[in-house]
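Below is one structure; the comments refer to it alone.
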Amino acid sequence: MEFIKPGKPQQNGAHERMHRSLKQEIRKGKNMRQQQRIFRSWRRIYNHKREHEFLGQQVPASLYTLSDRKYPPVIPDFSYTNIHSVRRVKFNGQIKWQGKRRYINQGLRGCSVGLLENRNGDMNVYAGSVLLGVLKNSDSRGLIRPLESEERW
């Protein structure tokens, strides 16, 4: 989950640079199967053969190492104190709060989030102990990331 402002791709420059290279270098396939083959070939070259200036002229695959951490087959749900109001994130990334559907994040679908009122009367939204952002009473769009919120935690 990335905490960059919406519409601010420059905050994630390396990722955006990869997309620019992809767009410039890949040709369009006749169908999805061919397009996937073309993409796999490009990805293999990009990660295993092509040197990257940002990486000191090394290929990304030469720097990659497997994590020692094991990924559990089922992610345990987050726990919250009894002062949190707990909501389950739906398949579309939304929760229901104050009778309205509010977007949180699709990456958390099926997980619970904890809501805790802040000093402005808005709701801080947590995934376990991690602050995801704020649901403002005055704004029905959805989660406002910590970078955008006026309040400091």
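Restricting to the range 56-85, count the residues that are in a loop (DSSP other than H, G, I, E, B), surrounded by 10 or more Cβ atoms within 10 Å (Cβ to Cβ) and among the polar types (S, T, N, Q). Number satisfying all stated conditions: 1.
If you filter the range 113-128 down to residues that are assigned to a strand (DSSP E or B) and not hydrophobic (A, V, I, L, M, F, W, C), you find that the one that is surrounded by the fewest Cβ atoms within 10 Å (Cβ to Cβ) is Glu117. Residue selection: Gly99 fails the criterion of being in contact (Cβ under 8 Å) with a residue 40 or more places away in the chain and among the small types (Gly, Ala, Ser).
Test Gly56 against the criterion of being on the phi > 0 side of the Ramachandran plot and assigned by TED's automatic domain parsing to the domain that holds Leu132, and give yes or no. In short, no. Assigned by TED's automatic domain parsing to the domain that holds Ile75 and surrounded by fewer than 13 Cβ atoms within 10 Å (Cβ to Cβ), is that true of Gly110? So Gly110 fits the description; yes.
Does the range 81-95 include one or more residues that are of a type outside the set (Ser, Thr, Tyr) and over 19 Å from Ala127 (Cβ atoms)? It would help to see each step written out before you state the result.
Filtering the range 81-95 down to residues of a type outside the set (Ser, Thr, Tyr) leaves 82-84, 86-95.
Adding the requirement that they be over 19 Å from Ala127 (Cβ atoms) leaves none.
No, that holds for no residue.
In the range 10-18, the condition of being charged (D, E, K, R) and either modelled with pLDDT of 95 or more or assigned by TED's automatic domain parsing to the domain that holds Leu131 (or both) is met by no residue. Here Gly99 clears all of (1) on the phi < 0 side of the Ramachandran plot; (2) out of contact with any Phe, Trp or Tyr (no Cβ under 7 Å at 6 or more places or on another chain) except the condition numbered (1). With respect to (1) in contact with a His (Cβ under 8 Å, 6 or more places away or on another chain); (2) part of a strand (DSSP E or B); (3) not β-branched (Val, Ile, Thr), the lone exception for Leu131 is condition (1). When restricted to residues that are within 23 Å of Pro146 (Cβ to Cβ) and exposed (fewer than 10 other Cβ atoms within 10 Å of the Cβ), the range 93-107 contains 1. Residues in the range 103-120 that are within 16 Å of Leu131 (Cβ to Cβ) and either over 15 Å from the mean Cα position of the chain (by Cα) or of a type in the set (Ser, Thr, Tyr) (or both): Ser112, Val113, Gly114, Leu115, Leu116, Glu117, Asn118, Arg119, Asn120.
The values are calculated or read from the model by the stated rules, or taken from the named source; none is laboratory data. Just so it is clear, the model here is predicted, and its values are computed rather than measured. Quick reminder, even Gly has a Cβ in these numbers, built from the backbone with ideal geometry, and neighbours come from all protein chains shown.
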